[in-house]
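Reviewing the structure listed below.
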Amino acid sequence: MKYLSTRGDATPRAFCDILLEGLAPDGGLYLPQAYPKVDAATLARWRGLSYADLAEQILALYIDDIPRADLRMLLQRTYTEQVFGTPQITPLKPLEPGLYLQALSNGPTLAFKDMAMQLLGQLFEYQLGRTGRQLNILGATSGDTGSAAEYAMRGKQGVRVFMLSPHGRMSPFQQAQMFSLQDPNIFNIAVEGVFDDCQDIVKAVSNDLAFKQRHHIGTVNSINWARLLAQVVYYFRGYFLATRGEGEVVDFTVPSGNFGNICAGHVARMMGLPIGKLVVATNENDVLDEFFRTGHYRVRSSRETFETSSPSMDISKASNFERFVFDLVGRDARRTAELFGPALARDGGFRVSPQEFARIAEFGFTSGKSVHADRLATIRDTWQRHGTMIDTHTADGLKVAREHRRPGVPMLVLETALPAKFADTIREAVGIEPPRPAALDGIEALPRRFQVMPVDAEQVKRYIVAHTG
Ligand SMILES: *Cc1c(COP(=O)(O)O)cnc(C)c1O
């Protein structure tokens, strides 16, 4: 299996060539040259597998430069009951006949990003170990991604994490989650600014190519192909749990921001998994809903990007979206490069042609939007009628899913976080405190390890140099 760039760079690259990469050199995103196809007989064979065994079957189709026994070992280490709280890893919670939540948020940071990031930690350590290389991950976070990365990389050989966050602006729970880590390879930098300042510092450091090379700077953002690939597995898993035989079809609704999660659903569907609809659920930041309704992709300015009670979906543009558009335009790299290069820079967006727009249905995509009041109503209703407490992002998904139910077709809503992370909104909705997994009781009282720094890229560079030897 070789990988290409959505913007036309066709240098054939193997999985491990792109494992530690973000963007392709031409600014595009990596995708496999073709999606491996899975037939009904194969699905039937996979139905009874454990999560780790299923992951091995799927990932082996995409990874041919890690020996199978090693891949197997890495997956068996990643998807364990100890890390994800249940042997099922991503169990279904039935709400009513044909409507399920698929729990993706039982990992260490209580959000679905653990599903992929935990595997990335294993893969990075393995690949760095066998090539004798080092990696210093530099990132900016307002919460979820940073903590998932730190919990995945803690204690891993050859990897250090330097994570910038806006000083005093994350929730007390998120600060405690990140800053209580005492692992010597994890460095929390609290920047005296806002999230955008943190991102600007990451860009400034990454744009210093000499520094970047000399100090082995890398990232773990959501465009990383390995992250996306890891997420493909739970669509298969959800399908098997919700059906009894291979003739059946299921729909998925996915609370979406950067389009990484649902893009994995698209890949699963392209492989032949019988997914009918892929429903994109957005919050007030409705870039994606607008596109799927109108064919117009319009990147938002920071003034038009709202801070909402489902903050992990507060995006101005969707960084994985280019992957889907590449498939939508028939894998025409020149067209993709025109849309995401000049058109985006010139006009802040683009409109696909009527013919391209008409093809969206062939890919199963549709969309909907949810706002704060919907979130509150959905959390309250789900608690009162089903006795199930859901988080704000999952509430956006469930609200939109209900608008897209089809008779006789199971609908799976991906649960992307646990309510404990968003206690304020839960209290507002149902008047009680969300339960917290026992392992996280009292984390606010643990000793903290972090460094406060002004908005100054040079100072961040000096800090990295001082801590990488
Ligand atoms: C990251 C995140 C999302 C959005 O996922 P994308 O892959 O960016 O679309 C939704 N919900 C939660 C809780 C998240 O952390």
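The values are calculated or read from the model by the stated rules, or taken from the named source; none is laboratory data. As the structure is a prediction and not an experimental result, all values here were calculated from the model. Glycine also receives a Cβ, built like all others from the backbone with ideal geometry; neighbour counts cover every protein chain displayed. Areas reflect the complete protein model, heavy atoms only, side chains present, ligands, DNA and RNA absent. Shrake-Rupley method; radii C 1.70, N 1.55, O 1.52, S 1.80 Å.
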(request) Look through the range 358-373, keep the residues that are crowded, with 17+ Cβ neighbours inside 10 Å and closer than 13 Å to Val325 by Cα, and return whichever of them is nearest to the chain's Cα centre (by Cα). (result) Phe365
(request) Using the structure shown, decide if Phe306 is modelled with pLDDT of 95 or more and more than 18 Å from Leu398 (Cβ to Cβ). (result) no
(request) Considering only the range 88-160, give the strands (runs of 3 or more DSSP E) lying wholly within it that have at least 2 residues that are over 23 Å from Ile63 (Cβ atoms) and open to solvent by less than 30 Å² (accessible area, probe 1.4 Å). (result) 99-103, 135-140
(request) Scan the range 383-429 for residues that are within 16 Å of the ligand (Cβ to nearest atom) and either among the polar types (S, T, N, Q) or assigned to a strand (DSSP E or B) (or both) and jot them down. (result) Thr392, Thr394, Leu412, Val413, Leu414, Glu415, Thr416, Ala417, Thr425
(message) Take the conditions charged (D, E, K, R), open to solvent by 10 Å² or more (accessible area, probe 1.4 Å) and touching a Lys or Arg at 6+ places or on another chain (Cβ under 9 Å) and apply them to Asp9. Does it pass?
(response) no
(request) For the range 210-234, name all the residues that are over 27 Å from Phe259 (Cα atoms) and open to solvent by less than 20 Å² (accessible area, probe 1.4 Å). (result) Phe211
(request) Give the residues of the range 394-418 that are in contact with a Leu (Cβ under 9 Å, 6 or more places away or on another chain) and not small (Gly, Ala, Ser), sorted by residue number. (result) Thr394, Leu398, Arg402, Arg405, Pro410, Met411, Leu412, Val413, Leu414, Glu415, Thr416, Leu418
(message) Exactly one condition in (1) closer than 21 Å to Ser165 by Cβ; (2) away from the ligand (no atom under 13 Å from the Cβ) is false for Arg133; which is it?
(response) (1)
(message) Kindly evaluate Arg436 against the criterion of being open to solvent by 40 Å² or more (accessible area, probe 1.4 Å), modelled with pLDDT of 95 or more and not in a strand (DSSP E or B).
(response) no
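Being open to solvent by 20 Å² or more (accessible area, probe 1.4 Å) and either assigned to a loop (DSSP other than H, G, I, E, B) or in contact with an Asp or Glu (Cβ under 8 Å, 6 or more places away or on another chain) (or both) narrows it down to one of Met73, Met1, so name that one.
Met1
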(message) Taking the condition of being under 23 Å from Asp251 (Cβ atoms) and within 11 Å of the ligand (Cβ to nearest atom), how many residues in the range 101-110 meet it?
(response) 2
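Given His296, His266, which one is open to solvent by less than 50 Å² (accessible area, probe 1.4 Å), more than 20 Å from Asp396 (Cβ to Cβ) and in contact with a Gly (Cβ under 9 Å, 6 or more places away or on another chain)?
His296
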(message) If a residue counts only when it is within 16 Å of the ligand (Cβ to nearest atom) and in contact (Cβ under 8 Å) with a residue 40 or more places away in the chain, which helices (runs of 4 or more DSSP H) contained entirely in the range 207-308 have at least 1 such residues?
(response) 225-242, 260-270, 287-294
(message) Exactly one of these conditions fails for Arg130: (1) touching a residue at least 12 places away in the same chain (Cβ under 8 Å); (2) more than 21 Å from Asp251 (Cα to Cα). Give me its number.
(response) (1)
